[in-house]
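Read the structure below first, then the notes.
The values are calculated or read from the model by the stated rules, or taken from the named source; none is laboratory data. No experiment lies behind these values; they were computed from the predicted model shown. No Cβ is skipped: glycine too gets one built from the backbone with ideal geometry, and neighbour counts run over all protein chains shown. These accessible areas exclude ligands, DNA and RNA; they are computed on the full protein's heavy atoms, side chains included. Shrake-Rupley method; radii C 1.70, N 1.55, O 1.52, S 1.80 Å.
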Amino acid sequence: MPPAKKAAAPAKRATPVKKAAAVRKAAPQKASVQKTITLKQIAAQIADSHDVPKKHAEAVLADLVAATVGHLKIGDKVRLTGLGTLQVRALPARMGRNPATGEAIKIKASKKIAFRAAEELKESV
């Protein structure tokens, strides 16, 4: 009787990290790259569509930003119809963890700007 052949060792499996990296590399690229639009570019579009000088459109948008900041500083909500609502929200103090050491740390109270999109914006996007 011939000697029994040894079973071949199973092939090594790639670690999950390597698999994830391979998946990321193989994933198709998006057709369009997300672009950042500045207030100056928006002002230029407004100037072109309303036949006003670019400087005038830039000044109007700068005043809009300044007025919005001023109202948020005093605690008002700012509703931009068709776009959404900006509001200052208070975050209470809380306990957290330092991710490097795991040590418990106290995070002080702070404020944040919250934006809630309008229905029109949600439906159009």
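Taken residue by residue, segment 87-101 has at least one member that is more than 25 Å from E123 (Cβ to Cβ), surrounded by 10 or more Cβ atoms within 10 Å (Cβ to Cβ), β-branched (V, I, T) and at pLDDT 95 or above.
Pairs linking a residue in segment 79-97 that is free of Cβ contacts under 8 Å to residues at least 24 places away in the same chain and within 30 Å of L64 (Cβ to Cβ) to a residue that is surrounded by fewer than 13 Cβ atoms within 10 Å (Cβ to Cβ) and not hydroxyl-bearing (S, T, Y), with Cβ atoms under 8 Å and 6 or more positions apart or on different chains, are A90/A109; A90/K111; L91/A109; L91/K111; L91/K112.
Selection within segment 89-112: residues that are among the hydrophobic types (A, V, I, L, M, F, W, C) and more than 23 Å from the chain's Cα centre (by Cα). The member of this set that is farthest from D76 (Cα to Cα) is A100.
Among the conditions (1) open to solvent by 100 Å² or more (accessible area, probe 1.4 Å); (2) in contact with a Lys or Arg (Cβ under 6 Å, 6 or more places away or on another chain), K55 misses just one, which is (2).
Does segment 13-21 include one or more residues that are surrounded by 11 or more Cβ atoms within 10 Å (Cβ to Cβ), at pLDDT below 90 and either on the phi > 0 side of the Ramachandran plot or basic (K, R) (or both)? There is at least one residue in segment 13-21 that is surrounded by 11 or more Cβ atoms within 10 Å (Cβ to Cβ), at pLDDT below 90 and either on the phi > 0 side of the Ramachandran plot or basic (K, R) (or both). Among the criteria (1) exposed (fewer than 10 other Cβ atoms within 10 Å of the Cβ); (2) under 22 Å from K122 (Cβ atoms), the one T68 does not fulfil is (1).
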